[in-house]
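All remarks here apply to the structure that follows.
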Amino acid sequence: MSVVAMLEGSESADRASTLTALGIARRLNVPVSGVCALPDPTSTLIVMSTPEATGLAANATRDISALQEEVIARAKATFEAATDGANIPCDFSHIVDIAERAGANAATLADAVVFPHSVQKAADPLSLSFEYVLMEARLPVVMAGSEPLTDGPVVVAWDGSNGAARAVRFHLPIVKAFGEVIIAQNESDLGKDQPRDASSPAALEAWLDSHNVKHKRMPIEGQVASGLLSLAKGSNASIIVAGAYGHSRIGERLFGGTTQRLLDADEAPALALAR
């Protein structure tokens with residue numbers, strides 16, 4: 001097993017992803033893998049049959065290959081600099097594939113797959129990969145925080161939903177590795193859905209007890225996202241674990257929602273999500 005840092009060839013983004021992956025991997029005592037996925041240059045070109053077009057296609061392929069080599073070199077250099085002196089195995093690889101598929105493959109069996117904080121921006125090279133892994137492949141992801149990973153507790157955003165339950169189950173190794181959980185819940189939201197015994201904070205507390213995870217309960221008030229961010233900052237939390245997109249993605253993007261507000265936050269700890 002390993003923790004995978006998805007890399008895009010941007011020094012600041014790749015350094016943040018690598019350091020977050022390294023911080024998680026050290027606590028799990030597993031290797032770190034840096035993955036830079038780029039498609040075969042020929043697959044990005046339209047095939048044309050004329051001799052002139054064939055020559056242009058060959059030139060375009062060389063140009064794209066040269067650009068890819070620059071991206072790979074930057075990603076590798078940043079990864080190796082960030083992991084220099086690490087006391088766990090670290091390896092870099094370039095995968096010839098689209099980033100969406102490479103990210104999903106990594107998330108299938110890795111202990112965690114980490115994307116940069118910048119993936120909340122549509123123009124980011126890994127934005128589509130992050131969204132695909134989370135929404136289409138329905139696999140857990142970690143978004144690096146805006147600041148380096150801390151040694152603080154894990155904040156679990158708990159509303160008893162299936163998404164919240166999947167998030168904490170998928171990320172149990174990370175939760176256990178950091179050793180302490182703050183169960184955060186907006187109590188005014190409890191009456192919105194039909195009550196279930198399994199959705200109560202007591203049920204999560206019992207489950208954490210069964211895994212020997214230390215925990216405490218802390219309420220949040222007002223807007224859930226701002227409450228979570230405020231609690232995380234006040235407790236110096238390492239990671240927020242949350243279910244993703246309780247409403248449709250379109251609805252959250254148009255009208256706002258907890259997931260979208262957490263993703264869009266300029267200052268936030270690492271964010272571990274599952275849907």
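Rounded to the nearest 500, the helix-only mean residue ellipticity at 222 nm of the chain stands at -13500 deg cm²/dmol, with each DSSP H run of n ≥ 4 adding -39,500 (n - 2.57). Excluding same-chain neighbours fewer than eight residues apart, the lysines reachable from Lys76 by a Cα-Cα span under 28 Å are Lys121. Across Asp111, Asp14, Asp264, mean-square fluctuation computed from a Gaussian network of the chain (C-alpha pairs under 10 Å connected) peaks at Asp264. Largest mean-square fluctuation among Ile239, Ile182, Ile98, in a Gaussian network model of the chain whose springs join Cα atoms under 10 Å apart, belongs to Ile98.
Taking the DSSP bridge list for the chain and keeping only pairs wholly inside it, about 10 percent are antiparallel.
Using θ = phi - 60° in the Karplus curve 6.51 cos²θ - 1.76 cosθ + 1.60, the 3J(HN,Hα) couplings for segment 88-98 round to 9, x, 9, 9, 10, 9, 9, 10, 7, 5, 6 Hz; x is entered for Gly and Pro. Taking the protein heavy atoms of the chain in the context of the full set of protein chains, the accessible area attributed to carbon and sulfur is 53 percent at 1.4 Å. The candidate values are (1) 65; (2) 50; (3) 43; the one derived from this structure for percent of Cα pairs over 26 Å apart carries the label (3).
Across segment 84-151, the mean sequence separation of Cα contacts (distance under 8 Å, 6 or more residues apart), normalised by length, yields a relative contact order of 32 percent.
Solvent-accessible surface of segment 73-163, taken per residue with a 1.4 Å probe and all protein chains present: 45 Å². May I ask you to list the aspartates and glutamates whose Cα is less than 16 Å away from that of Lys214, ignoring any residue fewer than eight positions away on the same chain? Reachable aspartates and glutamates: Asp151, Glu180, Glu205.
Using C-alpha pairs under 8 Å with a sequence gap of at least 6, the mean separation divided by the residue count of the chain gives a relative contact order of 21 percent.
The values are calculated or read from the model by the stated rules, or taken from the named source; none is laboratory data. Model, not experiment: these values are computed from the prediction. SASA here: full protein model, heavy atoms, side chains in, ligands and nucleic acids out. Shrake-Rupley method; radii C 1.70, N 1.55, O 1.52, S 1.80 Å.
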